[in-house]
Amino acid sequence: MEINGTQVILIRKKIKNIHLYVKAPDGRIEVTAPLKAKDEIIFSFVESKKDWIIKQQKKIRNSSENQIRNYESGEEAAVFGEKYKLIIQKNQNENSVRIFDNCLILNVKNENVDREKLLDDFYRRKLSEKIPDIINDFEKITGLHPSSWSIRKMKTRWGTCNVKTKKIWLSLMLAQKPAACIEYVVLHEMVHLAVPNHGSEFKAYLDKYMPDWRYRKNFINGENS
């Protein structure tokens with residue numbers, strides 16, 4: 001269906017409520033609705049969420065701008081907030097990644113090398129070097145202690161926390177973000193060890209240990225521009 005000139009994918013299901021989604025990577029709008037829901041009701045619901053839709057699409061655009069598409073020379077890559085030009089070089093001796101001047105150089109032995117995995121492994125190493133000190137610093141000031149932490153590729157989240165096991169997962173894509181953003185995500189997940197929701201108590205924790213957390217949150221989500 002079309003709403004104010006915008007295409008909306010409508011899926012009818014045996015459900016009770018209307019649900020709205022903004023999908024990556026193109027920011028398309030998708031709505032699931034009850035089988036008998038009237039079009040005007042769906043239209044009104046989407047209209048009421050217009051500001052939220054714009055906000056989510058902006059997040060997706062910001063994230064997409066930093067994505068490497070084809071792993072070819074000339075693309076832009078970021079490491080801890082610094083932007084580099086991606087350069088692919090043939091090297092018969094090794095597959096490796098290094099930073100030189102304003103370039104992120106991927107040395108590959110041949111065309112069959114998985115460039116995405118090579119760069120992911122580089123990001124994982126860089127992030128693994130930084131995270132322990134950040135967690136240690138916040139453990140000291142908050143008294144909160146995760147049982148363990150790990151890094152995984154995530155499409156829609158910067159981090160997550162299992163409050164039962166006290167384990168924290170952090171997005172591999174954090175390796176592209178400035179240290180201040182990484183610190184915010186780590187603290188955010190650690191606070192969930194004490195407060196499982198995002199209510200006033202949760203925000204009070206963040207206010208206490210990171211007074212500028214709102215700015216950092218907006219920055220990592222592309223909402224400061």
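The values are calculated or read from the model by the stated rules, or taken from the named source; none is laboratory data. All figures in this text were calculated on a predicted structure; none of them were measured in a lab. Every residue, glycine as well, gets a Cβ built from its backbone with ideal geometry; the counts of neighbours run over all protein chains shown. For accessibility, only protein heavy atoms count, side chains too; no ligands or nucleic acids. Shrake-Rupley method; radii C 1.70, N 1.55, O 1.52, S 1.80 Å.
Among the protein heavy atoms, those of LYS58 account for about 60 Å² of accessible surface (1.4 Å probe, every chain in place).
In the elastic network of the chain, a GNM with C-alpha springs shorter than 10 Å, the most mobile of ILE105, ILE29, ILE41 is ILE41. Computed over neighbours whose Cβ is under 15 Å from that of TYR209, the net charge equals -1, Lys and Arg +1, Asp and Glu -1. The accessible-area ordering, largest first, of the residues MET154, MET173 stands as MET173, MET154, per a 1.4 angstrom probe.
Against the chain, whose longest principal axis is taken from its Cα atoms, helix 39-48 shows a tilt of about 50°. GNM remark for the chain: springs join alpha carbons under 10 Å apart, and the peak mean-square fluctuation among ASN17, ASN107, ASN91 falls on ASN17.
Taking all protein chains together and a 1.4 Å probe, the residues GLU111, GLU47 rank GLU111, GLU47 from largest to smallest accessible area.
Normalised per residue, the accessible area of the chain is 60 Å², obtained with a 1.4 Å probe and no contribution from ligands, DNA or RNA. Taking Cα atoms only, the orientation of helix 179-191 departs from the longest principal axis of the chain by about 60 degrees. Mean projected area of the Cα convex hull of the chain, taken over all directions, amounts to 16.2 nm². Once the Cα-Cα distance is subtracted from the 0.36 nm per residue extended length, the PHE100 to THR142 segment shows a gain of 11.3 nm.
The alpha carbon centroids of segment 1-22 and segment 177-222 are separated by 32 Å. Ordered by solvent-accessible area of protein heavy atoms (1.4 Å probe), largest first, the residues SER148, SER44 come out as SER44, SER148.
Rounded to the nearest 10 degrees, what's the angle between the helix 115-142 long axis and the longest principal axis of the chain, both from Cα atoms, 0 to 90? For helix 115-142, the angle is close to 80 degrees. Counting only protein heavy atoms, what percent of the accessible surface of the chain is carbon or sulfur at a 1.4 Å probe? Reported share for carbon and sulfur atoms: 47 percent. Would you mind getting me the FRET efficiency between LYS55 and GLU116? Use the beta-carbon distance for r and R0 = 30 Å, nearest 0.05. Result of the calculation: an efficiency of 0.55. Between the beta carbons of THR6 and ASP133, assuming R0 = 41 Å, the FRET efficiency works out to 0.35 to the nearest 0.05.
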